[in-house]
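All of the numbers you see were taken from the coordinates with simple rules; none came from a lab. Nothing here was measured: the structure is a model prediction, and the numbers come from that model. Positions of Cβ are backbone-derived with ideal geometry, glycine not excepted, and every protein chain shown enters the neighbour counts.
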Amino acid sequence: MLDAPKSKPKDLEAIARTGGPLRRMAARIPTYLTDLRENPAWLPMFLLARTMPFRRAHWLTAKPVKTLKTASSMFGEIKADDVAAELKKTGIFTGLTLPDTVQKEIARFARETPCFGNFERKLEFLAEEHDEAERRFGRTILSGHHYERVLQCEAAVAVQQDPLLLNVAKHYLGGEAKLITTRTWWSFPTKSASEADLSRASFKFHFDLDDWRMLKFFFYLSDVDADAGPHVYVCGSHNRRRMKHQLTLLVGHAEEEVLEFYGEESAITLTGKAGYGFVEDPFGFHMGTLAKQTPRLMMEVGFGVSKPSKRRYHGEPVIR
């Protein structure tokens, strides 16, 4: 087994695994300040969207859904209003499957296109070269994002533009719902991770605060079993929130703390073959567990109600 790199971590993912809450927040300050300069409306969202009274008030501003033209979808005859109804109830809908040809084409693209490790554009490598990349860069690398390169893949763009996705988003978020993000990324097992890395990466529930109202579609592009980093979602946690979790700037919380309040039976672990898909309200508690044996390749298409960032691609931090 390789020794864990001894150099001081410089990327946000490493800090998130090895640093305390204050250090993690301090590392994100440059990103927060840049978000604020680009869009002053970001600050009230960031501070208030974590509280249930303000969230519910914002939901009241949702525009009515106009009658949308029915267009052929790669996902068949799934009805958007049925999906939205399930989302309102549990926060998640799991009945999506990518066509085999689409899944295989995106997976091929992801294998042949270099990704960026740990959100760092300096750490560029092909997924099959992950072990060599860890040796070359002297870093533990747990993820590899393709950022805007995913838009070079016609199959990925076809998923992004499928009419069902926007139809579901409008039925759930309101008529102003719009496409915000599209991304593909790898989650890698690593021989150089310490036990602290593994525990921190695997057992931290969090919720997303990218917008007042959001919806995210996820698709597995590789087979995902219990050892390949399955996604976990806490059903119903999008509709209620412990006061302690509303009055803190931290979005990540320990597994036992979350499940004690929302109930262990509320957490579902999502496994499935390549092509398996689901859509969730990311304000609900969720986590992506660590890939232990095999890499996990995943795609996300996100919708929101605010303008997307023009400055950087999804998940890309500002590091100083």
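Okay, here's what the table says:
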item: Burial ordering of 303, 261, fewest other beta-carbon atoms within 10 Å first; result: 261, 303
item: Sequence of 94, 190, 248 once ranked by neighbouring C-beta atoms within 10 Å, starting from the fewest; result: 248, 94, 190
item: Sequence-distant residues sharing a close amide H with residue 119 (under 5 Å, placed H); result: 145
item: Cβ-based exposure ranking for 153, 235, 115, in which fewest neighbours within 10 Å come first; result: 235, 153, 115
item: Gain upon complete extension [residue 152, residue 51; 0.36 nm per residue less C-alpha separation]; result: 32.6 nm
